[in-house]
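This report refers to the structure that appears directly beneath it.
The values are calculated or read from the model by the stated rules, or taken from the named source; none is laboratory data. Given the structure is predicted, the values throughout are model-derived calculations rather than measurements. When we count neighbours, we look across all protein chains shown, and the Cβ atoms used for this are built from the backbone with ideal geometry, even at glycine. When the accessible area is computed, the model is the full protein with side chains, heavy atoms only, and any ligands, DNA or RNA have been set aside. Shrake-Rupley method; radii C 1.70, N 1.55, O 1.52, S 1.80 Å.
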Amino acid sequence: MKFFIDTANIDEIKDANSMGMVDGVTTNPSLIAREDGEFKDIIKEICEVVDGPVSAEVISLEYEGMVSEARELAKISDNIVVKIPMTIEGLKAVRTLSGEGIKTNVTLIFSALQALMAAKAGATYASPFVGRLDDLSEDGMGLIEEIVDIYGNYGYTTEVIVASIRNPLHVLNSALIGADIATIPYKVLKALASHHMTDKGIAAFMADWKKKENK
Ligand code: E4P
């Protein structure tokens, strides 16, 4: 299973990369807005650090604008994946960009039929948002099961990026379902690595070692 990191913060990306946990990066306008600097400079720096796909989102909402922004973003690096919102205009843009060999990530997917349409349009990746569905007391992981089943039924090559991850259980369930990718916030990535019994075990080993040294 691939781990993408869901952040535009270069320090977080570098740290996660040094753990060997970064198969790719996803950003969105809200994540970019938290960082200093120009959008394209931030994305360029991320592409220089990461050996894998880096999603950068368009701001335009209509077909022409999306396609022209996407073409500009694609020039930044071979790593670039253009994030396109799941709308009818977005699907048209994905179809065009896919024909030009520009990789796309259809974002803000909240239903299996939206995911099916993204795949039919030729999306490289589809990003269903589990956390935001759970926030509404809906079944985020149920949506992932449906999409994985549908793509499997018809052999679509569009990869499923489980997005809007809030906690380690989302990552565990993504892996159990067989989703291709989880895009994980830095804080959740660190939480995956920790267990109170590991901490307790380390403390006990260190205490015993000190006793041996003082013998
Ligand atoms: C990633 O592609 C999404 O933009 C991101 O996971 C959204 O997460 P949020 O629901 O926590 O904003």
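Less than 17 Å apart at the alpha-carbon level, and either on another chain or at least 8 residues along: which aspartates and glutamates does that give for residue 44?
6, 11, 12, 23, 35, 36, 57, 69, 72, 78
Could you state the angle between the C-alpha long axis of helix 63-74 and the longest principal axis of the C-alpha atoms of the chain, as a value from 0 to 90 degrees rounded to the nearest 10?
Once rounded, the angle reads 50 degrees.
Which residue, 122, 140, 185, has the largest displacement toward the positive end of the dipole of the range 87-215 when charges sit on each Cβ (Lys, Arg +1; Asp, Glu -1)?
The Cα lying farthest towards the positive end belongs to 185.
May I have the count of lysine pairs in the range 86-215 with C-alpha atoms under 17 Å apart, counting pairs 8 or more residues apart or located on different chains?
For the range 86-215, qualifying lysine pairs total 5.
Heavy atoms only, probe 1.4 Å: what % of the accessible area of the range 95-213 goes to carbon and sulfur, would you let me know? Show your work: numbers first, answer last.
Details: 3760 of 6570 Å².
Carbon with sulfur: 57 percent of the solvent-accessible area.
I need the peptides 201-211, 46-56, 93-103, 9-19 ranked by packing, meaning the mean over residues of other C-beta atoms within 10 angstrom, with the highest value on top.
Put in order of decreasing packing, that is 46-56, 93-103, 9-19, 201-211.
For the chain, what does the accessible surface come to per residue with a 1.4 Å probe? Please give it in Å². Please list the in-between numbers first.
Working: 11390 Å² over 215 residues.
Value for the chain: 53 Å² per residue.
How far is helix 196-213 tilted, in degrees, relative to the longest principal axis of the Cα atoms in the chain, given as a value from 0 to 90 rounded to the nearest 10?
So the helix axis and the longest Cα principal axis differ by about 30 degrees.
If one computes P(r) from the Cα atoms of the range 87-179, what percent of pairs lie at distances over 23 Å? Intermediate results must be reported in sequence, preceding the final value.
Working: 880 of 4278 pairs.
I get 21 percent for the Cα pairs in the range 87-179 exceeding 23 Å.
Quick one: Cα centre-to-centre distance for the range 1-66 and the range 92-143, in angstrom?
18
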